[in-house]
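Working notes for the structure below.
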Amino acid sequence: MESITKLYKIGNGPSSSHTMGPSRAATIFKTKYPEAVKFRVTLFGSLCLTGKGHLTDVAIYNILGQDRTEILWNPEFKKRHPNAMFFEALSSEDLILGTWMVYSIGGGEIVDDSSESAQKTHIYPHTKMRDILAWCRETNHTFWEYVEMHEQSDFWDYLKEVWNVMRETVEEGLEKDGVLPGGLKLQRKASSYHAKALAYKNSLRGRALTFAYALATSEENASCGKVVTAPTCGSSGVLPAVLYHSHKAHSVTEKSILKALATAGLIGNLAKENASISGAEVGCQGEVGVACAMAAGAANQIFGGSVFQIEYAAEMGLEHNLGLTCDPMLGLVQVPCIERCAFAATRAFDSNIYALMSDGRHLVSFDKVVMVMKKTGHDMPSLYKETSEGGLAVVEG
């Protein structure tokens, strides 16, 4: 597996696969052909069907220049991945200087047909949770210590930056009102939810505040604000809500937050390695489902869970999101994405409590749920995987 710094990317929303990935690909292609006068980019599959709502065209224009870039929209699905892009560099006489087929595979990552293995730097010796658990049992170490052992020396500095961005995004989102961009004319809710939450008491207040924190980040993402992929932009509201609430309501220290981020990153990495975090490939179970698993594991560690209880919490966070479709209305990362993140954040806390009450032993392992998630995603019809051709996306208002 790669470094979890590859999982936590800092950038602007609304979509890691539809804006971050294409933006990165356009930057690489532009650098490769500096002599090009014009560009032509064909967007296939999910990028074609929901690209306008996700601002894929805007992301590419921002890099290559709108005045010299033609974007073609082709709904054909390529075998390698639903998010395919074909770049062409052109001379002033429309001669083709070079081409590149590239795929945005989720979380801002891109691969092509020849260099996927060359792009990856595997630093972890294990790719299954069961093997990492066995190592932890044998050495009496924690998940975050396992991560620390294999990452670079500046790893904690990067996680501190990740936490700072997460915290700032929540706080900025809580201060804003108004309507989100796009045709849904969706009103921001984080500010009002936060104000109402402060009037409640005890557990109800905690749940309401968690809602508000998740809404704050998700609304910032929908407005192209700065977020951290955790594991994606569309699911970026879940983990920050859990960590921010733990920090504010339970006085959890920054050091503990960073350790929880390390553990959450390991959980997300395992899902990414063995299945997918791309909504276009496996549906929203790979985005919000994995985010819920990451947040559940992080919360369980924060509140004193063993590695076995952490694994159980993460397993429940993903298991109870199995089959979740990716069906954004108008192709926007708003409905049902924003509310879905809020509910996943509270479900992560529920998974944490349930696991803490157990001894960590359970029937279905995290590895098995990841395997089921992958198979379920592949069995799911494409109209439920970030195409806006099925589910809630076709419900009339």
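The values are calculated or read from the model by the stated rules, or taken from the named source; none is laboratory data. Note that the structure is a prediction, hence the values are computed from the model and not measured. Methodologically, a virtual Cβ is constructed for each residue, glycine included, from the backbone with ideal geometry; neighbour enumeration extends over all protein chains shown. Accessible surface areas use protein heavy atoms only, side chains included; no ligands, DNA or RNA. Shrake-Rupley method; radii C 1.70, N 1.55, O 1.52, S 1.80 Å.
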Count of the range 185-210 residues which are within 23 Å of the chain's Cα centre (by Cα) and at pLDDT below 95: 0
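Return yes or no: is residue 329 out of contact with any Pro (no Cβ under 7 Å at 6 or more places or on another chain), open to solvent by 10 Å² or more (accessible area, probe 1.4 Å) and of a type outside the set (Asp, Glu)?
Values: out of contact with any Pro (no Cβ under 7 Å at 6 or more places or on another chain): yes; open to solvent by 10 Å² or more (accessible area, probe 1.4 Å): yes; of a type outside the set (Asp, Glu): yes.
Judged against the criteria, residue 329 is a match.
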Count of the range 112-146 residues which are open to solvent by 40 Å² or more (accessible area, probe 1.4 Å) and either touching a Phe, Trp or Tyr at 6+ places or on another chain (Cβ under 8 Å) or in contact (Cβ under 8 Å) with a residue 60 or more places away in the chain (or both): 13
Number of positions in the range 6-51 that are in contact with a Ser or Thr (Cβ under 9 Å, 6 or more places away or on another chain), open to solvent by 50 Å² or more (accessible area, probe 1.4 Å) and farther than 16 Å from residue 74 by Cβ: 7
Condition check for residue 248: without any contact (Cβ under 8 Å) to a residue 40 or more places away in the chain, farther than 25 Å from residue 360 by Cβ and either in contact with a strand residue (DSSP E or B) (Cβ under 6 Å, 6 or more places away or on another chain) or open to solvent by 10 Å² or more (accessible area, probe 1.4 Å) (or both): yes
Any pair with Cβ under 9 angstrom, 6 or more apart, that starts in the range 355-376 at a residue that is touching a residue at least 24 places away in the same chain (Cβ under 8 Å) and β-branched (Val, Ile, Thr) and ends at one that is in a helix (DSSP H, G or I) and open to solvent by 30 Å² or more (accessible area, probe 1.4 Å): 364/319; 364/372; 369/319; 370/273; 370/274; 372/319
Selection count, the range 90-111, where residues are touching a residue at least 60 places away in the same chain (Cβ under 8 Å) and more than 29 Å from residue 279 (Cα to Cα): 2
Positions within the range 37-95 being closer than 26 Å to residue 222 by Cβ and among the β-branched types (Val, Ile, Thr), in sequence order: 41, 50, 56, 58, 60, 63, 69, 71
Pick from the range 363-397, criterion surrounded by 14 or more Cβ atoms within 10 Å (Cβ to Cβ) and acidic (Asp, Glu), ranking: farthest from residue 320 (Cα to Cα): 389
